[in-house]
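A short worksheet on the structure shown next.
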Amino acid sequence: MGFSEPRYVGHMAFRGLAEYADGQPFEPKVNYIYGRGVRAGFVPVSPTKVYWFICFNRPDPGPKLTDPAALKAEALDLVRGWPSDLLAVMRSTPDGAVVRTPLVDRWLWPGLAPGASRGGRVVLAGDAWHPMTPNLGQGACCALEDAVVLARHLAGAAGAEAAMRAYEAERWARVFPLTARAGLVGALVQWENAAVCAARDGVVIPRLVRLGPFLEHTNFECDLLEPAPPSP
Ligand SMILES: Cc1cc2nc3c(=O)[nH]c(=O)nc-3n(C[C@H](O)[C@H](O)[C@H](O)COP(=O)(O)OP(=O)(O)OC[C@H]3O[C@@H](n4cnc5c(N)ncnc54)[C@H](O)[C@@H]3O)c2cc1C
């Protein structure tokens with residue numbers, strides 16, 4: 001389709017799923033812990049499972065690690081001495097339930113990015129079209145939104161090619177700003193500089209970040225799955 005390869009943004013993520021057969025002990029909330037160039041979080045996702053992640057800076061992704069025990073050991077090494085809740089969650093994770101992923105994105109610059117569809121026969125959605133860093137937690141959400149919007153356009157009377165173009169125009173306006181914003185947020189929260197981190201921890205997060213406006217980007221109205229009016 002003529003797109004460039006997704007761009008590595010300079011940090012990687014570990015993700016894991018801890019298992020508590022007798023029930024996990026946490027409150028239903030997301031816990032974030034910020035360090036210098038490293039941040040982590042965990043959140044209960046079921047009565048017996050807790051999801052956790054660590055984002056860390058690294059100039060290049062390096063070789064792919066395949067040994068599950070080595071993956072977990074590297075993750076634990078990154079947060080040695082961090083809060084015991086986080087470490088306990090990580091230790092309750094089966095070796096095979098840890099993955100390490102380089103974080104990448106691709107900005108769909110107006111006028112420069114190739115089209116998302118070709119000839120009414122091929123159309124891109126989700127990460128295949130707009131890979132974004134997970135700093136706003138929106139990649140999979142956007143993939144689902146794409147599917148709804150594409151289905152709505154295809155169900156209209158305009159024909160496949162026009163429907164795909166209308167889908168691209170509608171979705172671009174949402175996914176390009178989100179991709180850019182996620183990239184910028186990632187660059188900010190991964191700062192290693194001690195003074196910047198002190199300002200973040202002492203002022204920006206406790207005093208300036210308000211959860212409502214911060215989560216505003218997650219609002220998306222899918223509308224009913226009715227045919228869209230024919231495209232001009
Ligand atoms: C660390 C991290 C944290 C994230 N956190 C969040 C979050 O909190 N919220 C959120 O919304 N998103 C999050 N995301 C993003 C989310 O994972 C992706 O945006 C989402 O998975 C994209 O879905 P997709 O279906 O487009 O692509 P994928 O999930 O990549 O699915 C593509 C599928 O196609 C298969 N495939 C590839 N090539 C072929 C082929 N030739 N033939 C057949 N099959 C093929 C692949 O195996 C894969 O199963 C996160 C991502 C990362 C890396």
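Can you list which of the GluC sites (Glu not before Pro) found in the stretch 131-232 are DSSP loop residues with at most 16 other C-beta atoms within 10 Å? Could you put the intermediate results ahead of the total?
On the way: sites: Glu145, Glu161, Glu168, Glu170, Glu192, Glu216, Glu221; in loops: Glu192, Glu221.
Hits after loop and neighbour filter: Glu192, Glu221.
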Burial order of peptide ranges 56-63, 17-24 (average beta-carbon count within 10 Å, highest first) | 17-24, 56-63
For labels at Asp201 and Leu184 in the simple 7 Å Cα→Cβ model, what's the distance in nm?
-> 2.6
Which residues in the stretch 1-34 place their backbone N less than 11 Å from a point set 7 Å from the Cα of Ala73 along the Cα-to-Cβ direction?
-> none
Quick one: among Leu144, Leu208, Leu65, which has the greatest mean-square fluctuation in a GNM of the chain with alpha-carbon springs under 10 angstrom?
-> Leu208
Over what distance in Å are the Cα centres of the stretch 129-201 and the stretch 1-73 separated?
-> 20
Given a 1.4 Å probe, how much area per residue of the chain is accessible, in Å²?
-> 55
With each label point set 7 Å from Cα along the Cα-Cβ vector, what nm distance links Asp22 and Phe214?
-> 3.4
Put a dot 7 Å past each Cα toward the Cβ at Thr66 and Ala140; how far apart are the dots in nm?
-> 2.6
Only loop residues by DSSP count here, and only those with at most 16 other Cβ atoms within 10 Å; note down the chymotrypsin sites (Phe, Trp or Tyr not before Pro) in the stretch 152-232 that meet that.
-> Trp191, Phe220
Kirkwood Rh (inverse of mean 1/r, distinct Cα pairs), the chain, angstrom = 19.8
Of the trypsin sites (Lys or Arg not before Pro) in the stretch 1-92, which ones lie in a loop per DSSP and count no more than 12 other C-beta atoms within 10 Å?
-> Lys29, Lys64, Arg80
Can you give the charge dipole size of the chain about its Cα centre, rounded to the nearest 20 debye, using +1 on the beta carbon of Lys and Arg and -1 on the beta carbon of Asp and Glu?
-> 440
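How large a share of the accessible area of the chain, in percent, is made up of carbon and sulfur atoms when the probe is 1.4 Å and the other protein chains stay in place?
Answer for the chain is 61 percent, counting heavy atoms of protein chains only.
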Per residue and in cubic angstrom, what volume does the convex hull of the Cα atoms of the stretch 1-76 have?
-> 157
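The values are calculated or read from the model by the stated rules, or taken from the named source; none is laboratory data. The model shown is predicted, which means the values in this text are computed figures rather than measured ones. Glycine also receives a Cβ, built like all others from the backbone with ideal geometry; neighbour counts cover every protein chain displayed. Each accessible area value is taken on the protein alone, full model and side chains, heavy atoms only, with ligands, DNA and RNA left out. Shrake-Rupley method; radii C 1.70, N 1.55, O 1.52, S 1.80 Å.
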